Amino acid sequence: MRVVLAEDLFLLREGLTRLLEAHGFEIAAAVASGPELARALREERPDVAVVDVRLPPTQTDEGLQVSLEARRERPGLPVLVLSQHIVQLYARELLADGRGGVGYLLKDRVFNSGQFLDAVRRVAGGGTAMDPEVIAKLLASNARDAPLARLTPREQEVLELMAEGRSNAAISRELVLSEGAVSKYTTSIFAKLDLAPSEDDNRRVRAVLAYLSGTRDR
Amino acid sequence: MTENGERREKRGPRRWPGERGLRAMGRGAAELHEAADAALAAVMAAAAMVLTFGLGMVFTWPPAVERLRRVADAERRRLGERTGVPVERPYAPLPPAGEAEDGDRPADEVGSGQRPPAHRRGCVTSGRLHGPRYRAMERKLQRYITDPATWRDFVWAAVSPVLAVVAAVPLAAVCYAVFGLLLPALTGQPPHSWTGSWPTSPLEAVPTGLAVIGLGLATAPAALRVRDEVSAFLLRPTARDRLSLRVRQLAETRSDAVDAQAAELRRIERDLHDGVQARLIAVGLNLGAIEQLVEDDPAAARAVAAQARESSERALAELRGLVRGIHPPVLAERGLVDAVRAVAVDSPLETEVSSELTGEPPAALRSAVYFAVSELLTNAARHSDARRAWIDLHSVERGTPREALRVTVTDDGQGGAHLTEGGGLRGVERRLATFDGVLALSSPAGGPTLLTLEIPCALSSPRTSSC
């Protein structure tokens, strides 16, 4: 799997390169600025891009802008965005086109290499990887939503993991449940939130995220 | 003229709409009453002056000045309503009641090495009058005497009868002419029987009388304007007053800003000390333990490594919170409008953001507006029971020196919000004051609540800015 990596801090760039290479990823390009990233995405056509939000030369959200631009040119280009902090607005912008293949994680998540690599693979496969903090904020801003309040605590947990983009199998591992139980919970969640049930993992996640960010047509 | 007479005059013009001259005359006549009030205040102030400086009866001075100020304030209000240009109060604020009793004396009397002013020397010798209440009054007295606005008020009050007469001249002329025209018809006597030897025939008298009435009507607005302008000139703060008011305001907001900054630094220090530093120490200790354990007990070493990772994650989370409070990253990355959008997305209220801003305000202003807006929105979500909110950012009076950034935050909640001392809104107001910004609140019971904040783009600094 070919990866383009954009990160301006040398140590982190090297660390990520080593981590990804050690797990069988091929680093097509490891760059340190926005313009370089744009060029690498055009020329290398990677399977997935791992991008820091803040990049030189502007030190603004250049990484995010370049990624969004590249996805406009090549819809569905898988991009995993890393950042020191979570801004829900960015998550919303990444999810806005309704296609999969996006991720938005705190840089801290790199510490847990298992979860991080899982997220990279998921995004590369057209799935979604949202940071738990994004989901927590989404839930907090939906605190007054009546259907959400009707979920049981267990259903809440399942919903959070599902919104992060985890598959049923991953959720069952995380919560130590059988996959059958997880799928029962998800069916119940979809019924309570009045969402059309779907067997496709990715479409299901997008429906939940659209619901939470209030962008679903109600 | 009796008070009833004036009242009639005052209302009279309103029955004749469109007659500017008549209206002005009516007002001019009404001013006679106000002028009488002012004159009375002036006489009392003069008497108090004589008593204070001649006989040492200092207690007569503050009430006399306060009365003078009340009358002057009433006139300022009237002038503001009539001319549409508000007349500001020029007075220096009184020292706060609880000001240090001992702190101010040495500076005044000993530190400067000068002899205390005459009225003070008097009070020092009479030991009986030396209590704190006396000193509070003494301070007030001193402030009233040294404030030049007091003396300008006095001059205004003294000349206001003259001004009122000026404004009443057209009315007097019209009354005279009307009387002259009616007299022959009523009494059958020739017109000059009243005025003297001329005019002798109605052919001369009628046009003359009509001309005088016309002249009176034509000049009445001008006469009133002269009165108003002289009055406003005396009551308005002078350039010097304005400067000293401004200096005082700057000193206050600066000390607020300095205090706030110090408190902020203290908070950051404490957070770093209790949070991140402590966690990094834990990470260091864990790493030391791993060094020891890695050969003999790899399983234990792995457990300690997991602890170290957890500590570093917590440290990062704490740093993130801290950074967000110092300068939100989204503000640095996307600018004010998108940062406000990010706040709106985070809010539990359904919030719409609209903006007409073209440029990006200067960094300090941006940050102030961001924190103010996020505080206002938090407030709305917490207290108003609102479901929706609207935020609008735009600049007003673009291209003029008064160009300002105006942000309105509206919610559909229950209203009834007010600026309570020590409350969140008051805090926002104080922080905005550092930038000469103001906060206006409109929140009738039942809603909606509309908060408007306005910050001038050009601060008191040489920098030219663009909002």
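Values quoted throughout were computed directly from the atomic coordinates according to the rules given, and no laboratory measurement underlies them. Computed from a predicted model, the values in this text were never measured in an experiment. Don't worry about glycine lacking a Cβ; one is built from the backbone with ideal geometry, like all the others, and counts go over all protein chains shown.
Just tell me how shielded B:303-315 is by partners: mean number of partner chain Cβ atoms within 10 Å of each residue's Cβ, no decimals. Could the numbers behind the result be given before it?
Details: counts 0, 0, 0, 1, 0, 1, 3, 1, 0, 2, 5, 1, 1.
Going residue by residue through B:303-315 and averaging, the value is 1.
3J(HN,Hα) couplings calculated from phi for the stretch B:408-424 with the Karplus curve 6.51 cos²θ - 1.76 cosθ + 1.60 (θ = phi - 60°) are, in sequence order, 10, 10, 10, 9, 9, x, 7, x, x, 6, 9, 7, 8, 4, x, x, x Hz; Gly and Pro show x.
What does the average come to when, for each residue of peptide A:136-148, you count the partner chain Cβ atoms lying within 10 Å of its Cβ? Write down the numbers at each step before the final one.
Values: counts 0, 2, 2, 0, 3, 9, 1, 2, 5, 1, 0, 0, 0.
Per residue, the average neighbour count from other chains is 2.
Secondary-structure-derived ellipticity at 222 nm for the protein assembly as shown, considering helices only, amounts to -19500 deg cm²/dmol, per-run term -39500 (n - 2.57) for DSSP H runs with n ≥ 4. Across all Cα pairs in the stretch B:274-327, the calculated P(r) in 10 Å bins from zero up to the longest distance comes to 26, 42, 21, 9, 2 percent per bin. Annotation: amide H of residue A:2 within the under-5 Å range of A:26, A:47, A:48, sequence separation 5 or more or interchain, hydrogens built in the peptide plane. Please state the Cα pair-distance histogram of chain A with 5 angstrom bins from zero: what percent is in each bin? Reading upward from the zero bin: 1, 7, 16, 19, 19, 15, 10, 7, 4, 1, 0.
A convex hull fitted around the alpha carbon atoms of the protein assembly as shown yields 278 Å³ per residue. Charge tally for residue A:86 (other residues, Cβ to Cβ under 9 Å; Lys, Arg +1; Asp, Glu -1): 0. Cα-based radius of gyration for the stretch A:135-212, normalised by 2.2 N^0.38 Å, reads 0.99. Set the Förster distance to 35 Å, then compute FRET efficiency between residue B:40 and residue B:426 from the Cβ-Cβ distance, nearest 0.05. Rounded to the nearest 0.05, the efficiency is 0.30.
Extension gain for residue B:229-residue B:269 works out to 8.7 nm (0.36 nm per residue, less the C-alpha to C-alpha distance). Among the GluC sites (Glu not before Pro) in the stretch B:338-422, those located in a DSSP loop and surrounded by at most 12 other Cβ atoms within 10 Å of their own Cβ are B:356, B:397, B:421.
Would you mind calculating the gained length between residue A:144 and residue A:11 on full extension (0.36 nm times residue separation, minus the Cα-Cα distance), in nm to one decimal? Please report the intermediate quantities before stating the final value.
Numbers: separation 133, 0.36 × 133 = 47.88 nm, distance 4.30 nm.
Stretched out fully, the residue A:144 to residue A:11 stretch lengthens by 43.6 nm.
With only the Cα atoms considered, the stretch A:1-113 has a convex hull volume of 91 Å³ per residue.
When DSSP beta bridges are limited to those with both residues in the protein assembly as shown, what percentage is antiparallel, rounded to the nearest 5?
Numbers: 22 of 49 bridges.
Restricted to the protein assembly as shown, the bridges split so that about 45 percent are antiparallel.
Computed 3J(HN,Hα) for the stretch B:173-188, one whole-Hz value per residue from the Karplus formula 6.51 cos²θ - 1.76 cosθ + 1.60 where θ = phi - 60°, is 4, 5, 4, 4, 5, 4, 4, x, 6, 7, 4, x, 5, 7, 9, x, glycine and proline marked x. Note on the stretch A:86-132 and the stretch B:406-427: Cα centroid distance 38 Å, given to the nearest whole angstrom.
Highest mean first, how do B:146-153, A:141-148 rank when packing is the count of other Cβ atoms within 10 Å averaged over residues?
Numbers: B:146-153: 18.1, A:141-148: 14.5.
Result, highest mean Cβ count within 10 Å first: B:146-153, A:141-148.
Modelled spin-label separation between residue A:175 and residue B:396, with each label point placed 7 Å from Cα along the Cα-to-Cβ direction: 5.3 nm.
Dipole orientation for the protein assembly as shown: of the candidates B:164, A:102, A:163, B:164 has the Cα lying most toward the positive pole (charges on Cβ; Lys, Arg +1; Asp, Glu -1).
Placing unit charges on the Cβ atoms only, positive for Lys and Arg and negative for Asp and Glu, gives chain A a dipole magnitude near 540 debye about its Cα centre. Debye-formula intensities of the stretch B:330-456, expressed as log10 I(q)/I(0) at q = 0.09, 0.10, 0.11, 0.13 Å⁻¹, are -0.23, -0.28, -0.34, -0.48 (one equal scatterer per alpha-carbon, no solvent).
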